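To keep things clear, I will list the structure first and then write my remarks on it.
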Amino acid sequence: MGVCISLIVPVYNSEKYLEKCFKSIISQSFKNYEVIVVNDGSTDNSAAIISKYSEKYPNFKGINLDFKTNVSDCRNRALKIAQGDYIAFCDSDDYISPNFLEILYKNAKKTNADIVCCGHNIVNEATGKVKSYKYHLKPGIYENPKALKTLINDTRLNYYIWDKLFKREILFDNNIDFPEILFEDTIFSIKAFYFSKKISVIPDRLYYYVRHNNSLVNTISIKTINDYLTAFADTRTFLEANGDFAAYEKSFRLHSIRILSVTLKNIYYVHKKNKNFKNIFKNSRHIISAIHSLTKSSPDEIKDITEFYEKLEI
């Protein structure tokens, strides 16, 4: 019998969290799985911790990169060597329930779902308080186009990849990997849902997402805004390329309202961080124009998104 699940963990300077993450992984009630850990050129003690677990546990595979790339590159490298019939993801500063893999796998086999989505818990790093979160969608089996329409809205289903189990053939048969941008999980999930016939949603909250206290003012940048809009544009481009934008146009347009709201708020944070509001109205107009162009009916009318980026001035 081959490996049932490949669990992929990208790591960068995570020594503070790795022990808890890895202990939650080796404590799984489900035993037929491999763990592929890709160390993205960490400069702390992460490599030593990875080596310790790789030496002790045969199903741990550690890959150490000599230089930093990005989380997408790490996951893509792991996907290339993954042997599992199903693929799962875990971030190195998070952790999982002991029955995370078992519940997801059993549901996938029982329902023959291509993707299984579970709920998750949000952990406040500073206080340790845990807040439960489950999808605002009735548990059950969903087929397309309903499943993808729900995902595109990013409300009752979200783009996160770490609270999902993906059937291997969906990813590999359709050459689905991660683009090297922030919000890389957006188009990855869009493509995976698009090519899936069945999506299973379960109420179990099995993943623990650790929320850090980095303020938006410190983390939002022009690159963040650019990549956020790129992910949105990639969704439109992908649906157009497959001749299916019309089927999802309503959901896409509704989601554009949220994209606009978030992006305008973020451009304010960038100006605030730089203590320079000189070009805020100019930048805001560029943002509105770019998002509007992406929601037009004709793909020929979509402006070059890179042209929009070059117009931003701080």
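Is the C-alpha gyration tensor of the range 123-188 telling us rounded, prolate or oblate? Criteria: a/c under 1.5 is rounded; beyond that, a/b larger than b/c is prolate, otherwise oblate. Since a/c reaches 1.5 but b/c is at least a/b, the shape of the range 123-188 is classed as oblate.
For the range 274-280, backbone phi angles converted through the Karplus equation (6.51, -1.76, 1.60; θ = phi - 60°) give residue-by-residue couplings of 8, 6, 8, 9, 4, 9, 5 Hz, Gly and Pro being listed as x.
Rounded to the nearest 500, what is the chain's calculated 222 nm mean residue ellipticity when only DSSP H runs of at least 4 contribute -39500 (n - 2.57) each, over all residues?
Working: 12 runs with 147 residues, N = 314.
Value at 222 nm, helices only: -14500 deg cm²/dmol.
DSSP finds beta bridges in the chain, and of those with both partners inside it, around 35 percent are antiparallel. Just checking the listed ones, Leu165, Leu264, Leu148: in the Gaussian network model of the chain with Cα springs under 10 Å, the one fluctuating most is Leu264.
Sequence gap at least 6, Cα distance under 8 Å: using those rules, report the relative contact order of the chain to the nearest whole percent.
Answer for the chain is 17 percent.
Plainly put, the range 222-287 has a radius of gyration that is 1.08 times its Kirkwood radius, both from alpha-carbon atoms, as the Rg/Rh ratio.
Principal axis extents of the Cα atoms in the range 24-63, from largest to smallest and rounded to whole angstrom, are 33, 16, 13. By the equivalent-ellipsoid construction on the alpha carbon gyration tensor, the range 66-123 comes out with semi-axes of 24, 17, 9 Å, ordered largest to smallest.
Principal axis extents of the Cα atoms in the chain, from largest to smallest and rounded to whole angstrom, are 57, 43, 36.
The shape of the range 67-185 comes out rounded: with a ≥ b ≥ c from the C-alpha gyration tensor, a/c is under 1.5.
What separates the Cα centres of the range 7-27 and the range 254-273 is a distance of 32 Å. Go ahead and run the numbers for FRET between Asn99 and Asn274, Cβ-Cβ distance against an R0 of 51 Å, rounding to 0.05. E(calc), rounded to 0.05, equals 0.65.
Accessible surface of the range 18-66, 1.4 Å probe: 52 percent of it comes from carbon and sulfur atoms. Amide H contacts under 5 Å for Arg211: Val123, Asn124, Glu125, restricted to partners 5 or more places along the chain or on a different chain, H placed in the peptide plane at 1.01 Å from N.
What the phi angles of the range 77-91 give under the Karplus curve with 6.51, -1.76 and 1.60, with θ = phi - 60°, is a coupling list of 4, 5, 4, 5, 10, 5, 10, x, 6, 10, 10, 10, 10, 9, 7 Hz, glycine and proline written as x. For the range 153-274, relative contact order (Cα pairs under 8 Å, six or more residues apart, normalised by length) works out to 31 percent. Evaluating 6.51 cos²θ - 1.76 cosθ + 1.60 at θ = phi - 60° for every residue in the range 226-241, the Karplus couplings come out as 4, 5, 4, 6, 4, 4, 5, 5, 4, 4, 4, 4, 5, 5, 5, 4 Hz, glycine and proline recorded as x. Modelled spin-label separation between Ile257 and Asn64, with each label point placed 7 Å from Cα along the Cα-to-Cβ direction: 5.2 nm. Taken per residue, the accessible surface of the range 59-128 reaches 40 Å², heavy atoms only and a 1.4 Å probe. Let a ≥ b ≥ c be the square roots of the eigenvalues of the Cα gyration tensor of the range 53-98; is it rounded (a/c under 1.5), or, if not, prolate (a/b larger than b/c) or oblate? The shape class here is rounded. In the calculated pair-distance distribution of the range 153-288, the portion above 28 angstrom amounts to 27 percent of the Cα-Cα pairs.
The values are calculated or read from the model by the stated rules, or taken from the named source; none is laboratory data. Just so you know, these numbers come straight off a predicted model, no measurement behind them. Positions of Cβ are backbone-derived with ideal geometry, glycine not excepted, and every protein chain shown enters the neighbour counts. Each accessible area value is taken on the protein alone, full model and side chains, heavy atoms only, with ligands, DNA and RNA left out. Shrake-Rupley method; radii C 1.70, N 1.55, O 1.52, S 1.80 Å.
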